[in-house]
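Report on one structure; see the data block that follows.
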Amino acid sequence: MKIAVCVKQVPEGNSRIDPETKRLDRSGEGALNAFDANAVEEALRLKDATGEGEVVLVSMGPPKAQDALRKALAMGADRAVLVTDEAAAGSDLVATSYTLAKALEREGADVILFGQQAGDSDGAVLWAAVADRLRLPVVSQAAEITQADGKLTVKRQTEFGYDVIEAPLPAVVAVSDAINEPRYPSLKGIMGAKSKAQATLSLSDLGVEGDRAGEQGSRTEVYGLNDPPARSESKKIEDNGNAAQAILDFLAEKRLV
Amino acid sequence: MSTLVFLEHHGHELLKGSLGVLSKAAAFADADVAGVVIGSKVRALADQAGKFGAPKLYVADDARLEAPLPQPRVDVLAQLVRDKGIDTVLFGNSVLAADVAAGLAARLDAGLNWDLADLVQQDGKLVGKRPALQDSVYVDVGWKSEPRIALFRSGSFDPVAAGGSAQVEDVAVALEDFSTSARMVDQAHEESEGPSIEDAPVIVAGGRGLGGPENFTLVEELAKALGGAVGATRAVVDAGWYPYSTQVGQTGKTVSPKLYIACGISGAIQHKVGMQSSGVIVAINKDTNAPIFEFSDLGVVGDVHEVVPRLTELVRARKAS
């Protein structure tokens with residue numbers, strides 16, 4: 001079974017938005033999006049369960065995203081493909097899903113996995129857009145995946161409880177971070193990752209026209225940055241037996257009881 | 001502005017998040033608003049839709065739409081947007097709505113702005129307000145073309161029951177093969193009393209500081225007294241003290257109730273992101289250095305086992321009087 005895992009490099013530590021470009025500042029150190037580690041882990045488990053196959057990482061980002069990909073390779077993924085192109089910078093959902101779908105088409109994987117969100121943009125939507133472009137079934141918030149007889153059975157967590165959904169392969173699945181505990185790369189894994197294939201592709205390699213990528217291919221835009229609405233001043237009290245009454249008075253004053 | 005609001009339902013009710021978005025859309029000056037309900041045997045929801053601000057309701061009623069799966073809904077919406085010349089499609093966030101909105105964006109090559117806390121008209125343009133970087137900055141976002149798609153953070157708008165009735169128009173349902181290839185085989189719903197955390201005006205949440213799962217009754221009692229829902233931190237959900245569906249801070253579970261009471265919660269970053277846009281935050285924690293106090297309106301340094309039950313009694317007494 002061939003499994004593609006879509007992963008993303010996110011800025012390490014505290015992020016900032018560049019006031020000039022109004023884009024996320026990606027100049028500092030990068031890390032593997034933490035939620036993507038759950039998807040990599042699940043891919044490795046699915047591969048182990050079938051006893052054969054390949055786990056390939058597919059990513060879009062700047063050239064240094066290779067470092068983040070190497071971390072996922074050290075976990076046990078077999079190889080990585082990075083779509084990197086100046087012209088892809090600033091891509092929104094429409095543009096990103098278009099390019100990513102082109103890269104995934106080339107791989108022809110049986111299962112395409114995503115992590116539950118991007119730690120930088122808080123985006124939790126990409127898989128559904130990619131699945132629509134690939135015309136494949138999609139299930140998100142997967143808490144459990146099993147595969148048999150050419151189909152996946154996915155337990156999905158929603159606001160109302162659990163759903164069990166069956167999807168024929170190939171299928172796109174976004175995993176919740178409750179699905180597993182990602183393994184730490186072993187020393188052997190880290191050493192081995194250095195010799196694993198890490199391909200780079202440009203937009204023209206994928207046949208992505210210039211007006212489908214980057215800001216040109218995007219349908220959303222950023223106008224400006226503002227301070228968040230101010231919170232009222234914070235009060236802190238010690239409980240000396242009257243705290244419950246103090247809370248009640250506070251709630252009454254705010255007309256919340 | 002020809003606006004379509006995706007009205008999600010569960011059981012025989014439209015979700016409060018959807019209704020809030022509908023009321024918001026109906027309040028725009030040049031509003032030409034319609035709602036859309038997609039499901040099986042859903043025509044009866046028209047009364048509710050009309051009451052909360054939809055003069056028109058499109059209904060896609062088909063047995064194949066019964067399961068709450070996103071892709072058939074994308075098919076219906078894409079058709080509707082094209083046929084009716086709709087320029088703006090609005091969604092209240094949920095697991096289902098996010099997948100529908102993103103699928104629709106790809107299908108129509110339409111811009112999607114997500115996690116919006118508000119939508120305003122500025123200089124003739126629609127501008128979305130999107131909290132980013134742990135809500136430390138609000139980004140003004142917009143759309144370069146139509147249709148525009150927006151996905152709002154839970155609890156951003158209150159539903160306003162203005163009265164009125166919706167004129168119902170049935171829409172034809174034509175589904176793509178790939179959209180119907182995933183199939184619901186089982187649904188196990190956790191039937192809980194009271195509102196869900198997305199819908200509740202008040203959330204009382206518990207963390208590790210409660211000491212054990214049995215002490216969640218303290219939180220439940222207070223929530224009940226306040227007419228609110230119970231929330232939980234990731235740590236206690238991971239520990240199996242409370243169900244995952246109550247976790248604040250997972251994907252899409254950014255809650256914005258009017259009142260959030262944090263009991264024995266330290267305020268880890270993931271939790272903070274999930275609840276800091278709440279109207280008023282009250283925190284009770286015995287650790288005076290707990291980070292939660294940095295973003296609480298009222299912080300109480302004290303023992304949750306004492307303060308919470310006493311507060312429950314006081315709230316009950318006040319309501320009874």
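With the alpha-carbon atoms of the protein assembly as shown aligned to their principal axes, the span from lowest to highest coordinate is 72, 62, 51 Å, starting with the largest. Placing unit charges on the Cβ atoms only, positive for Lys and Arg and negative for Asp and Glu, gives segment B:142-187 a dipole magnitude near 300 debye about its Cα centre. Taking the Cα centre of chain B as reference, the dipole from Cβ charges on Lys and Arg (+1) and Asp and Glu (-1) amounts to some 480 debye. Ordering A:Ala87, A:Ala142, A:Leu73 by the projection of their Cα atoms onto the charge dipole of segment A:72-199, which places +1 on the Cβ of Lys and Arg and -1 on the Cβ of Asp and Glu, puts A:Leu73 at the extreme positive end. Taken as Cα centroids, segment B:113-174 and segment B:246-292 sit 25 Å apart, rounded to the nearest whole angstrom. Placing +1 on each Lys and Arg Cβ and -1 on each Asp and Glu Cβ, with no other charges, gives chain A a dipole about its Cα centre of roughly 400 debye. Taking 26 Å as the limit for the C-alpha separation, the pairs A:Lys102/B:Lys144; B:Lys56/B:Lys125; A:Lys102/A:Lys196; B:Lys56/B:Lys224; A:Lys2/A:Lys155 exceed it in the case of B:Lys56/B:Lys224.
Rolling a 1.4 Å probe across all protein chains gives A:Asp122 an accessible area of roughly 40 Å².
Taking a ≥ b ≥ c as the square roots of the eigenvalues of the alpha-carbon gyration tensor, segment B:240-291 is classed oblate because a/c is 1.5 or more while a/b is no larger than b/c. Taken across both chains, chains B and A shield about 7300 Å² of accessible surface from a 1.4 Å probe.
For segment B:202-320, the Kirkwood hydrodynamic radius from C-alpha pairs, put into Stokes-Einstein at 20 °C and a viscosity of 1.002 mPa s, yields a diffusion coefficient of 156 µm² per second.
Under the rule a/c < 1.5 gives rounded, and otherwise a/b versus b/c splits prolate from oblate, where does segment A:89-128 land using the Cα gyration tensor? Verdict is oblate for segment A:89-128. Quotient of the Cα radius of gyration of segment B:201-253 and 2.2 N^0.38 Å, N being its number of residues: 1.04.
Globularity index of chain B is 1.05 (Cα radius of gyration / 2.2 N^0.38 Å, N = number of residues).
When DSSP beta bridges are restricted to pairs lying wholly in chain B, around 20% turn out antiparallel. Most simply put, chain A has about 40% antiparallel DSSP beta bridges, counting only bridges with both residues inside it. Atom-type composition of the exposed protein surface of chain A places 48 percent of the accessible area on carbon and sulfur (1.4 angstrom probe). For segment A:1-105, the spread of Cα coordinates along the three principal axes comes to 50, 29, 18 Å, biggest extent given first. Of the Cα atoms belonging to segment B:149-244, the radius of gyration and Dmax stand at 19.3, 55 Å. When only alpha carbons of segment B:164-218 are considered, Rg and Dmax amount to 20.7, 55 Å.
The overall shape of segment A:119-211, judged from the alpha-carbon gyration tensor, is oblate: a/c is not under 1.5, and a/b is no greater than b/c.
Mean per-residue shielding of peptide A:97-103 is 1, counting Cβ atoms of other chains within 10 Å of each Cβ. Note on B:Asp32 and B:Arg183: the extension gain reaches 50.8 nm, defined as 0.36 nm multiplied by sequence separation minus the Cα-Cα distance.
Ranking B:Val76, B:Ile284, B:Met1 by how far each Cα lies toward the positive end of the dipole of chain B (charges on Cβ) leaves B:Ile284 at the top. Think of segment B:202-320 as having a plus end and a minus end, set by charges on the Cβ of Lys, Arg, Asp and Glu; of B:Gly274, B:Trp241, B:Phe216, B:Gly274 sits farthest toward the positive end of this dipole. In segment B:202-320, the portion of solvent-accessible area held by carbon and sulfur atoms comes to 52 percent [1.4 Å probe, whole percent, DNA, RNA and ligands not counted]. For the protein assembly as shown, give the share of DSSP beta bridges that are antiparallel, in percent and rounded to the nearest 5; count only bridges with both residues there. Roughly 35 percent of the beta bridges in the protein assembly as shown run antiparallel, per DSSP. Helical content alone sets the calculated 222 nm signal of chain B at -8000 deg cm²/dmol, taking -39,500 (n - 2.57) per DSSP H segment of four or more residues and averaging over every residue. The residues of the protein assembly as shown expose on average 40 square angstrom of accessible surface per residue, using a 1.4 Å probe on protein heavy atoms.
Other protein chain C-beta atoms within 10 Å of residue C-beta, averaged over B:280-286: 3. Considering only alpha-carbon pairs that sit under 8 angstrom and 6 or more positions apart, the relative contact order computed for chain B is 15 percent.
Of all stretches in chain A that contain no trypsin sites (Lys or Arg not before Pro) in a DSSP loop with at most 10 other Cβ atoms within 10 Å, the longest one is A:1-193.
State the Kirkwood hydrodynamic radius of segment A:2-212 in Å, one decimal place, computed from all pairs of distinct Cα atoms. Its Kirkwood hydrodynamic radius stands at 17.3 Å. Taking A:Gln66, A:Gln216, A:Gln245 in turn, the Gaussian network model of chain A (Cα-Cα springs below 10 Å) assigns the largest fluctuation to A:Gln245.
A:Val139 contributes about 0 Å² of solvent-accessible surface, heavy atoms of the protein only, 1.4 Å probe.
A probe of 1.4 angstrom, applied to the heavy atoms of all protein chains, finds B:Arg316 with accessible area near 110 square angstrom.
Between B:Ile269, B:Ile38, B:Ile149, the Gaussian network model of chain B with springs among Cα atoms under 10 angstrom shows the greatest mean-square fluctuation at B:Ile269. Enumerate by residue number the GluC sites (Glu not before Pro) in segment A:6-89 meeting two conditions: DSSP loop (anything except H, G, I, E, B), and at most 14 other Cβ atoms within 10 Å of the site's Cβ. Passing both the DSSP loop test and the Cβ count: A:Glu12, A:Glu20, A:Glu29, A:Glu52.
Computed over the alpha carbons of segment A:1-44, Rg followed by Dmax gives 13.7, 45 Å. What would the Debye formula give as log10 I(q)/I(0) at q = 0.08, 0.10, 0.15 Å⁻¹ for the alpha-carbon point model of segment B:2-180, no solvent? Reported log10 I(q)/I(0), two decimals: -0.22, -0.34, -0.79.
For B:Lys51, a cut-off of 24 angstrom between C-alpha atoms picks up these lysines, skipping any fewer than 8 places away in its own chain: B:Lys16, B:Lys24, B:Lys41, B:Lys84, B:Lys258.
In segment B:231-248, the residues whose accessible area drops by at least 20 square angstrom when the other protein chains are added to the isolated chain are B:Arg234, B:Tyr244, B:Ser245; the probe is 1.4 Å and only protein heavy atoms count.
The values are calculated or read from the model by the stated rules, or taken from the named source; none is laboratory data. What you see is a predicted model; the values in this text were computed from it and never measured. In this analysis, Cβ positions are derived from the backbone assuming ideal geometry, glycine residues included, and neighbour counts consider all displayed protein chains. Remember, those area values only see protein heavy atoms, side chains included, never the ligands or the DNA or RNA. Shrake-Rupley method; radii C 1.70, N 1.55, O 1.52, S 1.80 Å.
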